[in-house]
1. Within region 192-229, take every residue that is of a type in the set (D, E, K, R) and under 27 Å from LYS166 (Cα atoms) and give me the one that is farthest from the chain's Cα centre (by Cα).
2. Which one is farthest from ligand 2 (Cβ to nearest atom), of the residues in region 19-48 that are within 15 Å of the chain's Cα centre (by Cα) and charged (D, E, K, R)?
3. Are any residues in region 4-22 in contact with an Asp or Glu (Cβ under 7 Å, 6 or more places away or on another chain) and over 28 Å from GLY36 (Cα atoms), and if so, which ones?
4. Restricting to region 22-55, and then to whatever is β-branched (Val, Ile, Thr) and surrounded by 15 or more Cβ atoms within 10 Å (Cβ to Cβ), can you tell me which residue is farthest from ligand 1 (Cβ to nearest atom)?
5. Which numbered condition trips up VAL73, out of (1) at negative phi; (2) in contact (Cβ under 8 Å) with a residue 24 or more places away in the chain?
6. Can you tell me which residue within region 185-204, out of those that are more than 9 Å from ligand 2 (Cβ to nearest atom) and among the charged types (D, E, K, R), is farthest from PHE215 (Cα to Cα)?
7. Given the conditions (1) crowded, with 16+ Cβ neighbours inside 10 Å; (2) away from ligand 3 (no atom under 16 Å from the Cβ); (3) under 18 Å from the mean Cα position of the chain (by Cα), and given that THR66 satisfies all but one, which numbered condition is not satisfied?
Amino acid sequence: MVPAGVDPHHLPKHVACVMDGNGRWATRRGLSRTDGHAAGEEALFDTVDGALDLGLQWLTVYAFSTENWRRPVEEVRYLMGFNERILTDRRDELHERGVRITFAGRRDWRVPKRLARRMDEARELTAGNKRMTLTIAFNYGGRAEIVDAVRALVDEGVPSSKIDEKAIRRRLYLPDMPDPDLVVRTSGEFRISNFLLWELAYSELVFTEVLWPDFRREDLFEAVREFQRRERRFGGVDT
Ligand code: IPE
Ligand code: IPE
Ligand code: MG
């Protein structure tokens, strides 16, 4: 059932979320930053349910950026274990709901082996699901993604005359993923922070003051309503 005020005929195909504000949520409660990350789990799964309610085909969430390694080692270690546990504990329920899990990001030496294995297992388990694709951007940076695509072009010996937008797109982490129609960032920060730089060229951006651990499906619906009030022109003229 599509929620009130949402037009089922103009749904975004792909919504991407910058899950931000966990640290501030925790600090305001006198808790540790890692408690804020833990509280983000419920927000994520409620958002996934909301996306399924809406019938979205693609949902992408920013879980760890290539810059987040700059954080204190304890926090980074916590986040690695936290993501590993979520993938272990909750992949079955995502699988039962018909969610295909994919990952975008660099698989470099800093990603713990055990976590990398859980990522592969979750992807393989859910590879045949068709209802919705949940992409977890992990050790993801938009600039790194473009650098990796350029490296691939060079390694393949592609001549410059053959390099166009399609050639670059084909070498992004998930070439078949459509560009996000809507990007939602929580916690009142008005920036992109290296998320999906190539892909969001024409995305509608919605910013909300809600801190990620408080985000629920109704906030997703509200972002979609805002999206539906926007007029997308893609550089053309509206007729
Ligand atoms: C987002 O919340 C989660 C990650 C970046 C992993 P933050 O941890 O950035 O929370 P704030 O922005 O410090 O409040
Ligand atoms: C972006 O949030 C990355 C994730 C949500 C995973 P940050 O909290 O890292 O972004 P900045 O540092 O405020 O720009
Ligand atoms: Mg932040």
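1. Filtering region 192-229 for residues that are of a type in the set (D, E, K, R) and under 27 Å from LYS166 (Cα atoms), the one farthest from the chain's Cα centre (by Cα) comes out as GLU204.
2. ASP46
3. PRO12, LYS13
4. Selected residue: VAL48.
5. (2)
6. The selected residue is GLU199.
7. (2)
The rows are residues; the columns are (1) of a type outside the set (Ser, Thr, Tyr); (2) over 22 Å from VAL147 (Cα atoms); (3) within 16 Å of ligand 3 (Cβ to nearest atom).
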position	(1), (2), (3)
ARG169	yes, no, no
ARG185	yes, yes, yes
ILE192	yes, no, yes
PHE195	yes, no, yes
GLU199	yes, no, no
LEU205	yes, yes, no
ARG216	yes, yes, no
VAL224	yes, yes, no
ARG229	yes, yes, no
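Bear in mind that the values in this text are calculations on the coordinates, not laboratory data. Just so it is clear, the structure is predicted and the values come from calculations on it, not from any experiment. As a convention, Cβ positions derive from the backbone with ideal geometry for all residues, glycine included, and neighbour counts pool all protein chains shown.
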